1. Residue check, residue 72 against (1) of a type in the set (D, E, K, R); (2) at pLDDT below 95; (3) under 23 Å from residue 3 (Cα atoms), all met but one. Which one?
2. Answer yes or no: is there a residue in segment 56-64 that is among the aromatic types (Phe, Trp, Tyr), buried (at least 17 other Cβ atoms within 10 Å of the Cβ), within 25 Å of residue 11 (Cβ to Cβ) and within 11 Å of the chain's Cα centre (by Cα).
3. Which condition does residue 30 not pass, out of (1) over 16 Å from the mean Cα position of the chain (by Cα); (2) of a type outside the set (Val, Ile, Thr); (3) under 24 Å from residue 19 (Cα atoms), if it passes all the others?
4. Which pairs do you get when a residue that is within 15 Å of residue 87 (Cα to Cα), found in segment 115-138, comes within reach of a residue that is loosely packed, with under 13 Cβ neighbours inside 10 Å and not basic (Lys, Arg), reach meaning Cβ atoms under 9 angstrom, with the pair 6+ apart or on two chains?
5. Every residue in segment 97-149 that is surrounded by 14 or more Cβ atoms within 10 Å (Cβ to Cβ) and acidic (Asp, Glu), please.
6. When residue 52 is evaluated against the numbered criteria (1) surrounded by 17 or more Cβ atoms within 10 Å (Cβ to Cβ); (2) free of Cβ contacts under 8 Å to residues at least 12 places away in the same chain, which criterion, by number, is the only one it fails?
7. What number of residues within segment 1-29 satisfy the criterion of being surrounded by 11 or more Cβ atoms within 10 Å (Cβ to Cβ) and not hydroxyl-bearing (Ser, Thr, Tyr)?
Amino acid sequence: MENLTHLGKPSSLPQSPEEAVLDRVPNPHPDTMFVARFTQPEFTSLCPVTAQPDFAHLMIDYIPNKWMVESKSLKVYLNSFRNHQAFHEACTVDIGKRLTDLMEPHWFRIGGYWYPRGGMPIDVFWQYGTAPDGVWIPEQGVAGYRGRG
């Protein structure tokens, strides 16, 4: 196992997502196709124009290959966006790209279900790879915004 930055150690919140360290751990079942899911229902970042807080419900699904993301490092990384100014699309896709670069999974998807800004909710979806046949991939199941028609 690689040296882990966070697991079993005190962790402080990085000043930015770029400074955050993501750890990976070996997949205990590299011969088996399975989906791992992380849900972050209280994700926050800042609007790049007004610096006001933006809120989202993130759903991250992936089929690991040799590596998986270590969950504490993922929590610290996601929380590092609290003081980060970026548009919804940038936050969602940046997270997806950083995680796929780290893990090199068989398949990955992220759904960013953002709460309304200016009265309009914005949902952002990004996917890496094609899901192998025969793997059960559940729906993300995030309820639509109540104000949607």
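1. Status for residue 72: all satisfied but (2).
2. yes
3. With (1) over 16 Å from the mean Cα position of the chain (by Cα); (2) of a type outside the set (Val, Ile, Thr); (3) under 24 Å from residue 19 (Cα atoms) applied to residue 30, the lone miss is (3).
4. These pairs meet every condition: 116/147; 117/52; 121/144; 121/147; 123/144.
5. Matches in segment 97-149: 104, 123.
6. (1) is the only condition that residue 52 fails.
7. Result for segment 1-29: 15.
A quick yes/no check of all residues on (1) at pLDDT 95 or above; (2) part of a helix (DSSP H, G or I); (3) in contact with a strand residue (DSSP E or B) (Cβ under 9 Å, 6 or more places away or on another chain):
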position	(1), (2), (3)
58	yes, no, yes
94	yes, yes, no
99	yes, yes, yes
105	yes, no, yes
126	yes, no, yes
140	no, no, yes
149	no, no, no
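The values are calculated or read from the model by the stated rules, or taken from the named source; none is laboratory data. Owing to the predicted nature of the structure, the values given are computational and were not obtained by experimental measurement. Note that we place each Cβ from the backbone using ideal geometry, even for glycine, and neighbour counts take in every protein chain shown.
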